[in-house]
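Here's the structure, in C-alpha cells; my notes come after.
The values are calculated or read from the model by the stated rules, or taken from the named source; none is laboratory data. If you're wondering where the values come from, they're calculated on a predicted model, not measured in any experiment. Here Cβ is always computed from backbone atoms with ideal geometry, including for glycine, and neighbour counts include all displayed protein chains. Surface areas here come from the heavy atoms of the whole protein model, side chains and all, with no ligands, DNA or RNA. Shrake-Rupley method; radii C 1.70, N 1.55, O 1.52, S 1.80 Å.
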Amino acid sequence: MAAILEFEKPIQELENKISELRSFSKEKGIDLSNEISILEKRAMEVRESIYGNLSSWQNVLIARHPERPNTHDYIEYLFTDFLEMHGDRLYGDDPAVVGGIGRFNGHAVTLIGHLKGKDTKENLVRNFGMAHPEGYRKAMRLMKQAEKFRRPVICFIDTPGAYPGIGAEERGQFEAIAKSILTMAKLKTPIITVVIGEGGSGGALAFGVGDRILMQEHAIYSVISPEGYASILWKDSSRAREAADVIRLTAQAILELGVADKIVPEPLGGAQRDPEAAAELLGQCLAETLDELVEIEPEKLVLLRHDKFRVIGALGAD
Amino acid sequence: MVLDVFRKQKSIAVQPELESREIPEGIWSKCGSCSEILLNKDLDKNLKVCLKCGFHFRLTAHERIKFTLDSKSFREMDADVLPVNPFKLTDYENKLTVARSKSSLNEAVVTGEGTIEGFPVVIAVMDAHFMMGSMGTVVGEKITRAVEAAVSGEKPLIIFAASGGARMQEGILSLMQLVKTVEAVARLGDAGQLYISVLTDPTTGGVSASFAALGDIIIAEPDALIGFAGQRVIEQTIRQKLPEGFQSAEFFKQRGFIDSIVPRSELKGTLARLLELHLQGVK
Ligand SMILES: [Zn+2]
C-alpha cells in the first residue's frame, strides 16, 4: 500500500471505514453491500475531486513520492531483453544513472535514465538520483553507440538535480552537462525524453534534449526546486508551497509553456497507486511517439530538434 | 542553477556614506582583495586590475568592450531588446527596473560586432552587474542571435561569460535557454568557425553548463569563480567547509577544463594572436 500523503487523508478515512464495514459484515453475517457501495462511490468522488484540483505543491509531493515507479520499474514493465551497460570509459560508473539496450514494442532501443532509490538504503547507493559527471558521460557514450547502430534513444528524467558535491565539481560537471546537451542536439537518431518524476534543473536537462518531450501527469520540471526558489529569492524556505505556484513546474504548465509536447496520463491517485497501469499508459504513449519518429530521416530529426528549441520562449517583439 | 555568487564578490565600489569624507564618490575604489584604496583613473588605466595585488575587478559589459575591441569598432546588435517577464511577477518586474536603471543596460548581455587589432569578430559580453548576469529568455535569445550572426557573417565568435546561472524568475523557459544557445554553438561548430569562450568572474550554474563550456578554446581570467553548483549549496549538502581555491579558474585549469588563464593585461593580445592563427590559408 502506498504511503499516504497529507492531502489524501480524507480518502484514507473513507477507505478505512469501508474495510471496517467489510470485516464487520463478514464477522456478523450481515449484508452491508449497499452501505459499502455508497461509501465506495463516495471515496471515488472524493479521490476524483482531490486529484482533479491538485495544487502545484501537492503535485510536487506526488512527483517525489517514495513509492512512485522509477526507471527500473519501467524497464521491468516495458522492455524485454534489457542489458545494462556500465561505465563512462573515463573514470567510473555512476549508479545514479542507468543505461542499456533492450527491446521496446518491437524496436531495439537505448534506454537512459536517472535512478532514484525506493528507500534510504537504495538511495544511498543511487545518490537519490543525483548524477555525477561520469553519469552524464556514460549516457553520452550510450547515445553515440545508439546513433552508430541507428537505435532510437529513450531518456527517463527523475532527479532532484545535479549533485552539489566536491567530486562532481572537480570532475567538471558543468562541462559534462554542456556536452550532454550538445551530444543530444547533434544526435542523428530519434530521442524521446520522458519526465517520470522530478525534473530538477541542469541535471535533468542533461537528458532533456528530445525530439519529443513527454511528461507524466504528476511529474514536475523546473529550473530550481520550490524550496531553492523560496530560500534564495525570499530568504524563507518555508514558503516552498507558494514558490511551487510561482515557478510553474506542473506537467500542465510545462505543456502550456511550449516545452512539453504531451502529457502521459497516470492512474487516478498517481502512478504509485498502480505502477503497472502507469507503465501501460506510458508504454502506449511511447509506442505511438516512437512509431512516428522512426519514419523521419535522422538528418531531418536534427534540424527539427533545433527548430523546436529555437522558438521556446521566443520574444514577442520583432 | 543557483545564484550563490554574491559572497564571493570581492570587488566593492566604495560606498561614499560608509567612508570618510576624504574619499569623494566616484574618484576612489577599494580593492576587494587587498583593501588598497585606488584612484579610479589609475584603476581604469590598469584595466581595472588592482595595482597593488593584481586582483581583477568585475567589469561592466561596456568596460569589457572598451578594453577588448579596437576603439570605435563596436556596432551593437539588438540593443533595444527589452526584458520580458513571462509569468508577470511583480517582484521580478521591480528587480528588472532597478537593474536597468543602475546598469544603464536593457539586459544582462551586450552583443555586437567589432574588430580586435583589425580582426573582425562577433562578441557577446555578459554583465554580472545586471541581476548577477543571470540568463533568462532575452539573454538566451541575444546570445543565440549573436552566434547566428557569426555563422551567417562567417566571423569568429568570442563570448565573455559572467553569470550566476539561469534566471529563476523565468522558470523552465530559462532552463531551455541552455539548449537554445548550445544548439546555436553546435551550428557554428558544424560550419567550421572559431568560438573562443572567455570565463570571467563568475561563470556558474546554467551558463557554465551550456555555451560557456563549449568553446573551441576556453580562456579564463585569473581567480574567476567557475563551476556548476553554488558553494553554499555544496557546503549545506556535504556539511563541510570547502577548500581554499575551490572552483577557481586555477582549480579547473589544473583539472583539465581550461586551456589557459590569461591576465587581463594580455587578454586582447592573446585574442588577436588566436584570431590570426585561425585565418584560413598561408600568411
Ligand atoms: Zn588589491
Considering only segment A:147-201, state which residues are within 26 Å of residue A:77 (Cα to Cα) and among the β-branched types (Val, Ile, Thr). A:153, A:154, A:157, A:159, A:189, A:191, A:192, A:193, A:194, A:195, A:196
Could you list all residues from segment B:81-114 that are surrounded by fewer than 16 Cβ atoms within 10 Å (Cβ to Cβ) and away from chain A (no Cβ under 14 Å)? B:97, B:98, B:101, B:102, B:104
Exactly one condition in (1) more than 14 Å from the chain's Cα centre (by Cα); (2) under 26 Å from residue B:56 (Cα atoms); (3) polar (S, T, N, Q) is not met by residue B:137; state its number. (2)
Can you list the helices (runs of 4 or more DSSP H) lying wholly within segment A:173-252 that have 2 or more residues being among the hydroxyl-bearing types (Ser, Thr, Tyr)? A:173-186, A:226-233
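For the condition under 19 Å from the mean Cα position of the chain (by Cα), open to solvent by less than 60 Å² (accessible area, probe 1.4 Å) and more than 27 Å from residue B:177 (Cα to Cα), what is the one hit in B:130, B:74, B:119, B:57?
Numbers: B:130 fails: more than 27 Å from residue B:177 (Cα to Cα); B:74 fails: more than 27 Å from residue B:177 (Cα to Cα); B:119 fails: under 19 Å from the mean Cα position of the chain (by Cα).
Checking each option against the conditions leaves just B:57.
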Scanning segment B:41-65 for residues that are away from the ligand (no atom under 14 Å from the Cβ) and closer than 20 Å to residue B:103 by Cβ, which turns out nearest to the other protein chains (Cβ to nearest Cβ)? B:61
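One line per residue, one yes/no per condition, for (1) within 14 Å of another protein chain (Cβ to nearest Cβ); (2) surrounded by 16 or more Cβ atoms within 10 Å (Cβ to Cβ); (3) touching a residue at least 24 places away in the same chain (Cβ under 8 Å); (4) under 24 Å from residue A:186 (Cβ atoms):
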position	(1), (2), (3), (4)
A:243	yes, yes, no, no
A:247	yes, yes, yes, no
A:250	yes, yes, yes, no
A:259	yes, yes, yes, yes
A:268	no, no, yes, no
A:271	no, yes, yes, no
A:303	yes, no, no, yes
A:311	yes, no, yes, yes
In the set A:42, A:89, A:47, A:22, which member is surrounded by 13 or more Cβ atoms within 10 Å (Cβ to Cβ) and either farther than 30 Å from residue A:245 by Cβ or out of contact with any helix residue (DSSP H, G or I) (no Cβ under 7 Å at 6 or more places or on another chain) (or both)? A:22
Segment B:60-71, subset out of contact with any Asp or Glu (no Cβ under 6 Å at 6 or more places or on another chain) and in a loop (DSSP other than H, G, I, E, B), residue surrounded by the most Cβ atoms within 10 Å (Cβ to Cβ): B:69
